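Take a look at the structure set out below.
The values are calculated or read from the model by the stated rules, or taken from the named source; none is laboratory data. Values in this document were obtained by computation on a predicted structure and should not be read as measured data. When we count neighbours, we look across all protein chains shown, and the Cβ atoms used for this are built from the backbone with ideal geometry, even at glycine.
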Amino acid sequence: MIPGEIHFVLSATNCLAVGGHFYTPNTLWETMLSRRNEHLMGALNTNTAHVGGEAIIRDMVAVYHSKLIVPNAKRPCVFSMSPI
């Protein structure tokens with residue numbers, strides 16, 4: 001399921017459904033858009049708090065930046081590790 005997808009859980013028996021988040025490079029853009037939407041809308045469009053998600057996304061972007069952008073830069077690039 002892509003990040004930000006509207007979904008619900010159906011079960012034939014009484015149960016407790018526990019979800020989670022899986023961050024992948026293939027869906028990083030959708031994850032960032034979904035997180036932006038959540039930031040702008042607050043708790044209106046989600047049923048949970050994504051504690052720690054900002055740090056995970058920040059670290060992923062920092063790694064991609066250091067591997068893809070910095071080696072190709074003609075001059076040194078300064079990258080801040082401040083929270084999102």
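Every residue, every condition in (1) at pLDDT 80 or above; (2) of a type outside the set (Lys, Arg); (3) in contact with a helix residue (DSSP H, G or I) (Cβ under 9 Å, 6 or more places away or on another chain), yes or no:
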site: Gly4; (1), (2), (3): no, yes, yes
site: Asn26; (1), (2), (3): yes, yes, no
site: Asn47; (1), (2), (3): no, yes, no
site: Glu54; (1), (2), (3): no, yes, yes
site: Asp59; (1), (2), (3): yes, yes, no
site: Ala62; (1), (2), (3): yes, yes, no
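Which one is surrounded by the most Cβ atoms within 10 Å (Cβ to Cβ) among residues in the stretch 4-47 that are of a type in the set (Val, Ile, Thr) and within 12 Å of the chain's Cα centre (by Cα)? Quick ask: steps written out before the conclusion?
Step one: list which residues in the stretch 4-47 are of a type in the set (Val, Ile, Thr), which gives 6, 9, 13, 18, 24, 27, 31, 46.
Now drop any that are not within 12 Å of the chain's Cα centre (by Cα), which leaves 24, 27, 31.
Numbers: Thr24: 10, Thr27: 15, Thr31: 22.
Only one residue tops the list, namely Thr31.
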